[in-house]
Amino acid sequence: MASDTALIGVGVMGEAVLTSLLTVVDPAQVRISDGRPEHGRERAAAHGVRWVEQNVEAVACADVVIVAVKPKDVAAVLAEIDPVLGPEVLVVSIAAGIPTAFIESRLEAPVPVVRVMPNTPATIGQGVSVMSPGSHTTDSHLDQVAQLLSGTGTVLRVPESDQDAVTAISGSGPAYVFYLIDALAEAGVLGGLSRATALELATRTVAGAGAMAAASGEHPVVLREQVSSPAGTTVAGVRALDQHGVRAGVVAAVEAARARSVELGRSLEE
Ligand SMILES: NC(=O)c1ccc[n+]([C@@H]2O[C@H](COP(=O)([O-])OP(=O)(O)OC[C@H]3O[C@@H](n4cnc5c(N)ncnc54)[C@H](OP(=O)(O)O)[C@@H]3O)[C@@H](O)[C@H]2O)c1
């Protein structure tokens, strides 16, 4: 795929995106910049791409510019690169909660912008990246971004109005699952298992159940019923989950994350 690509910000998520890019773009066509020169130089050497000191140097002549800095740093980066962006450039932002309209309002030219919400399993190629188009973005721009991000895992498209809900489910979701793994492991220790065994059982069970749910195509209720024999151990455990309001707790967690995402988006308008 021929795309001269600039990546600004090579942190946890920027590096996952970089790894994905390099499955479809020649490393010679990729330039990266970062707030920490030593770190950026080291990551550039590790991936065989070009390190540049200045963001403007990264984006000059780029066909695709990927902004992977923290949300609070996005406005400053856009102000810096706007004067040197080409008229045909495609801007991709992975910053949580930053609307495409915010990015468009800070760029002089009416360039296509794609907002993406990735998640941390992208670092091992098993994430979900959810894209939304800006007002100058076509389906072919989305196809291009989907190809660039294909190495991060599954790539989906939603209207931008769904991004707060997406953030609350797949963006924040890995943290809920890590929380569940920790709780399962702790319960195993309470049941007399060594910490190492309990953690391995909890981690492998969550990974296996997630992979099975994804591969089988069955509804999770069907899968749950398959392991719940009448008057058995699992149905007793599931009843305890219900008695302790775990389902309501999960819904409340997602709602809290979605409300926070809406609030962060609004704070940009002030
Ligand atoms: N991590 C997640 O789970 C996750 C999930 C979904 C979306 N995201 C989004 O992904 C983006 C990156 O997150 P992250 O977790 O990868 O953050 P991170 O690890 O902190 O990486 C951000 C990188 O950008 C650099 N940077 C900051 N200001 C810069 C500037 N003006 N020019 C060039 N580089 C600059 C930072 O350098 P300094 O350290 O020097 O500032 C840092 O190396 C965020 O917007 C976040 O909302 C993250």
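Taking Cα pairs under 8 Å and at least six residues apart, what relative contact order does the chain come out at, in percent? Spell out each step's value before the answer.
Working: 424 pairs, mean separation 38.9, N = 270.
Worked out over the chain, it gives 14 percent.
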For segment 214-267, the fraction of alpha-carbon pairs in successive 5 Å shells from zero, as %: 4, 16, 14, 16, 17, 13, 8, 7, 4, 2, 0
In range of the label at residue 215: residues from segment 135-153 whose backbone nitrogen is under 20 Å from the point 7 Å along Cα→Cβ: 153
Segment 144-270 - percent relative contact order, Cα under 8 Å, separation 6 or more: 29
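In square nanometres, what is the average projected area of the Cα convex hull of the chain? List each step's numbers first, then the result.
Values: hull surface 66.2 nm².
The directionally averaged projection comes out at 16.5 nm².
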Whole-Hz ³J(HN,Hα) from phi, Karplus 6.51 cos²θ - 1.76 cosθ + 1.60, for segment 185-193, glycine and proline x: 5, 4, 5, x, 5, 4, x, x, 6
Highest average packing first - 205-215, 69-79, Cβ atoms within 10 Å: 69-79, 205-215
Dipole moment magnitude, nearest 20 debye, segment 5-158 about Cα centre, only Lys, Arg, Asp, Glu C-beta charged: 400
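Sort largest first and round to whole Å: the equivalent ellipsoid semi-axes of segment 173-265, each the square root of five times a Cα gyration tensor eigenvalue. Let's see the in-between values first.
On the way: eigenvalues 121, 68, 46 Å².
Equivalent ellipsoid of segment 173-265: 25, 18, 15 Å, largest first.
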By average C-beta atoms within 10 angstrom, highest first, the peptides 161-170, 113-122: 113-122, 161-170
Vicinal HN-Hα couplings computed from phi for segment 120-134 (Karplus, 6.51 cos²θ - 1.76 cosθ + 1.60; Hz; Gly/Pro x): 5, x, 4, 5, 10, x, 10, x, 10, 10, 10, 9, 9, x, x
Separation between Cα centres of segment 167-219 and segment 60-119, rounded to whole Å: 36
Listed residues 149, 190 arranged by accessible area, highest first, probe 1.4 Å: 190, 149
Label-to-label distance, nm, for residues given as residue 255 and residue 206 (7 Å Cα→Cβ offset): 2.4
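Nearest 0.05, what FRET efficiency do residue 236 and residue 126 give at R0 = 41 Å with Cβ-Cβ as r? Before the final figure, lay out the partial values.
Numbers: r = 32 Å, r/R0 = 0.79.
Efficiency computed from Cβ-Cβ geometry: 0.80.
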Calculated FRET efficiency for the pair residue 138/residue 53, C-beta based, R₀ 30 Å, to 0.05: 0.35
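Just to check, using Stokes-Einstein with a Kirkwood Rh over alpha carbon pairs, what's the diffusion coefficient of segment 5-158 at 10 °C and 1.306 mPa s in µm²/s? Spell out each step's value before the answer.
Working: Rh = 15.0 Å.
D = 106 µm²/s.
The values are calculated or read from the model by the stated rules, or taken from the named source; none is laboratory data. Predicted model, so just to flag it, every value in this text is computed and none were measured. Neighbour counts are summed over all protein chains in view; Cβ atoms, including those assigned to glycine, are modelled from backbone coordinates with ideal geometry. Keep in mind that these areas ignore ligands, DNA and RNA; they rest on the heavy atoms of the full protein, side chains included. Shrake-Rupley method; radii C 1.70, N 1.55, O 1.52, S 1.80 Å.
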